[in-house]
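Notes follow the structure.
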Amino acid sequence: MTAPPAVRVVIARCDGRDPHRAGDAQLRRLLAAVLRCPPTAVPLVTSPSGRPEVAGGAGPWGSISHTADLVVAAVSTVGPIGVDAERLDRVPLPPARLWLAPAERRTGREDHGALVRRWTAKEAVAKALGRGLAAPLSAIVVTDDTTAVAPNGTRWTLRARTVDDRVAVTLAIPAGAPPTRWTPGSAAVTIVDTGEGGSG
Amino acid sequence: MEDTRTHVLAALAEIAPEIADEPVDPGVDLLEEYDLDSMDLLNLVAALEGRLGVTIPESDYPRLRTLTGAVGYLDGRMAHPTP
């Protein structure tokens, strides 16, 4: 039997389902493929910070995000993972002082879409760190389109996609992780490499 | 304090206008009840900071999850502001 990819993302439409339930179902299916068990047998628990985790904490690792009518689920067998999705036209964005690092505020004016992408990158790292609501977004520094540095000094690889021309999705995985397999979980979901997330 | 509660409800209504039309259970998890995400939360923080003249450190954001928790936290914050 072929082993599933080490890092995999599925993006699907909610199609009227509750997005939380839809995300949970997608994540269970991905984890079940890794654990070689039925989706209902995946020992999924919620951490105190609200992150879905496989009981025991030794992996595989998963993350979920949803926005508009899309749900995104990601799994990794190589370490903690975080994924975040956001509509590119979402307004208002919070004031820069609450989520951009001082160095990022000095880099000049970004257009709205670039700011949304930066937001998803930071959120993805925060989710991977498992800090929940207390995640220090302003202390997570996106150094370039493919790398972020967390407050604890760990470096994270970012992989970004645009879905249906209107939603930004960014994945944060440990630096050096193997390529990611991105899969539409529903018909007519268009996933485009933004060219900012590197290969995979 | 009642004033703080009024400000919290007004700030919430800026983020989720549907909240203005219904009573808010003081103990309910606001993020779950109104499906607010982390971007909504930061916009709420900005609204509260602007209305009440306080700063809210990131480590304290979880204390804003319920109306009762937020009012108690913010009252304390205003009584003992951190430089």
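Every number in this text was worked out from the coordinates using simple rules, so none of it is lab data. Predicted, not measured: the structure shown is a model, and the values here were computed from it. Quick reminder, even Gly has a Cβ in these numbers, built from the backbone with ideal geometry, and neighbours come from all protein chains shown.
In a fully extended conformation the segment linking A:R166 and A:A139 would gain 7.0 nm over its present Cα-Cα distance, using 0.36 nm per residue. Helix A:112-129 and the longest principal axis of the C-alpha atoms of chain A enclose an angle of approximately 50°. Rounded to the nearest 20 debye, the dipole size of segment B:1-69 about its Cα centre is 340 debye, using +1 on the Cβ of Lys and Arg and -1 on the Cβ of Asp and Glu.
Fewest neighbouring Cβ atoms within 10 Å first, the residues B:I19, A:I81, A:I191 line up as A:I191, B:I19, A:I81.
Each of A:C14, A:C37 was scored by other Cβ atoms within 10 Å of its Cβ. Listed from fewest to most, they are A:C37, A:C14. Note on chain A: GNM, Cα springs under 10 Å; of A:R159, A:R117, A:R131, the largest mean-square fluctuation is that of A:R131. How large is the translational diffusion coefficient of segment A:98-195 in µm² per second when you combine the Kirkwood radius over alpha carbon pairs with Stokes-Einstein at 20 °C and 1.002 mPa s? Diffusion coefficient, whole number: 152 µm²/s.
Each of A:L137, A:A160, A:P179 was scored by the projection of its Cα onto the charge dipole of segment A:66-200, and the greatest displacement toward the positive side belongs to A:L137; charges sit on the C-beta of Lys, Arg, Asp and Glu.
When shorter helices are ignored and each DSSP H run of at least 4 residues is given -39500 (n - 2.57), the per-residue value for chain B at 222 nm works out to -17000 deg cm²/dmol. A dipole drawn for the protein assembly as shown from +1 and -1 charges on Cβ atoms has a positive end, and of A:A3, A:V91, A:H112 the residue lying farthest that way is A:A3. In a simple Cβ point-charge model (Lys, Arg +1; Asp, Glu -1; nothing else charged), segment A:97-200 has a dipole of about 360 debye relative to its Cα centre.
A viscosity of 0.890 mPa s and a temperature of 25 °C, combined with the Kirkwood radius over Cα pairs in Stokes-Einstein, give a translational diffusion coefficient for chain A of 146 µm²/s. Rg and Dmax over the alpha-carbon atoms of chain B stand at 11.6, 37 Å. Helical content of chain A, expressed as a calculated mean residue ellipticity at 222 nm, amounts to -6000 deg cm²/dmol (DSSP H runs of 4 or more residues, -39,500 (n - 2.57) each, divided by residue number, nearest 500).
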